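One structure below.
The values are calculated or read from the model by the stated rules, or taken from the named source; none is laboratory data. Fair warning: this is a prediction, and the values are worked out from it, not measured in the lab. Ideal geometry is used to build each Cβ from the backbone, glycine not excepted, and the neighbour counts take in all protein chains shown. The protein model used for the area step is the full one, side chains on, heavy atoms only, and it has no ligands, DNA or RNA in it. Shrake-Rupley method; radii C 1.70, N 1.55, O 1.52, S 1.80 Å.
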Amino acid sequence: MWFGIITLFPDMFPTLQYGVSGRALDNKLVQLHCWNPRDFTKNIHRNVDDRPYGGGPGMVMTPQPLQAAITAAKQSAPKRSKVIHLSPQGKKFDQKQAEQTLAEGQVILIAGRYEGIDERLITLEVDEEWSIGDYILSGGELAAMVIVDTITRLIPGALGHDDSAAQDSLSSGLLKYPQYTRPLRFQGLAVPDVLTSGHHQAISEWRLKQALGRTWLKRPDILAKKHLTDYEQTLLTEFIRDSRK
Ligand code: 4G3
């Protein structure tokens, strides 16, 4: 997977050198390249921003250095690459979008600063706008890192064990079941007996029931969109009945 990042702060991205994403970078499963618009300025002061026409607070990123940085990124991309602007106005980034982008193999992410970027740059160069959630960041870099991390952990072999990302929460369309490790009792609380029974089918069934039940309790919006098999519906009905006694 190839990521091109357009950012005034490329030094923020070594944060991805930790954990799963760090190993994926080391193993060349992921390539991450930054282009800094400041390196593409045509003015002697290397300015990348200016005052908004019409007045108002703050500064706006000027289009020329951004366009030149995007052109350089496109030339270095392995294939024709979608250009994404990270913005609170964008379409919500989710697990499905992550899977689709992994299938495409490359993406260019624009991380804006200040009050935003000149609208004409968006018109000319941006294919889509994505948001990681309904809140405002000081810049698009943290949003870009969230997206890189989410896509990276879907790459086959990126998780350092044979566990498939397909088993993760949300890939199944459900929240994760509860997890336990040693000790068997902690502060008076026991591990559910079924998990120490050695009965693998019973464990799988319990976990699916918990995943369905938690999703019903905490994210009914997710459950409403998901088709349940007869078996899943039966387990959920049992969970709901058990939760009422
Ligand atoms: C506006 C993304 C804001 C224009 C970016 C950059 C939140 C998100 C910014 C612009 C951001 C998000 C930077 N804040 N929710 N701030 O994904 O070009």
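Taking the Cα centre of the chain as reference, the dipole from Cβ charges on Lys and Arg (+1) and Asp and Glu (-1) amounts to some 400 debye. Here residue 96 is the anchor, and the lysines within straight C-alpha reach of less than 23 Å, apart from those fewer than 8 places off in the same chain, are 79, 82, 176, 218, 225, 226.
Taking 0.36 nm per residue of separation and subtracting the current Cα-Cα distance, fully stretching the chain between residue 20 and residue 96 would add 25.4 nm. Result for the chain in a Gaussian network model with C-alpha springs under 10 Å: among 154, 217, 102, the largest mean-square fluctuation is at 217. Rg ratio for the chain: its Cα radius of gyration over 2.2 N^0.38 Å, N being its residue count, equals 1.28.
Do you know the relative contact order of the chain, to the nearest whole percent, from alpha carbon pairs under 8 angstrom that are 6+ apart?
Normalised by residue count, the contact order of the chain is 18 percent.
Across segment 1-72 the C-alpha pair distances fall into 5 Å bins from zero in the proportions 3, 15, 20, 17, 15, 12, 9, 6, 3, 1 percent. Pop out the carbon and sulfur fraction of the accessible area of segment 1-112 as a percent, whole number, probe 1.4 Å. In segment 1-112, the share of accessible area belonging to carbon and sulfur is 51 percent.
Could you state the accessible area per residue of the chain in Å², with a 1.4 Å probe and every protein chain left in place? Mind dumping the intermediate values first?
Numbers: 14770 Å² over 245 residues.
Accessible area per residue, the chain: 60 Å².
Taking the chain as a Gaussian network of alpha-carbon nodes connected by springs under 10 Å, the highest mean-square fluctuation of the residues 44, 117, 108 belongs to 44.
Please give the contour-minus-distance gain from residue 53 to residue 129: 0.36 nm per residue of separation, less the Cα-Cα distance, rounded to one decimal in nm. Separation in residues times 0.36 nm, less the Cα-Cα distance, equals 25.1 nm. Close amide H contacts of residue 35 (hydrogens built in the peptide plane, cut-off under 5 Å, sequence separation of 5 or more or a different chain): 5, 6, 7.
In µm²/s, what is D for segment 35-126 at 10 °C and 1.306 mPa s, where D = kT/(6 pi eta Rh) by Stokes-Einstein and Rh is the Kirkwood radius from Cα pairs? Working shown, then result.
On the way: Rh = 14.4 Å.
Rounded, D is 110 µm²/s.
For the pair residue 76 and residue 226, label points projected 7 Å from Cα toward Cβ lie 4.0 nm apart.
Computed on segment 138-245, the Cα convex hull volume stands at 189 Å³ per residue.
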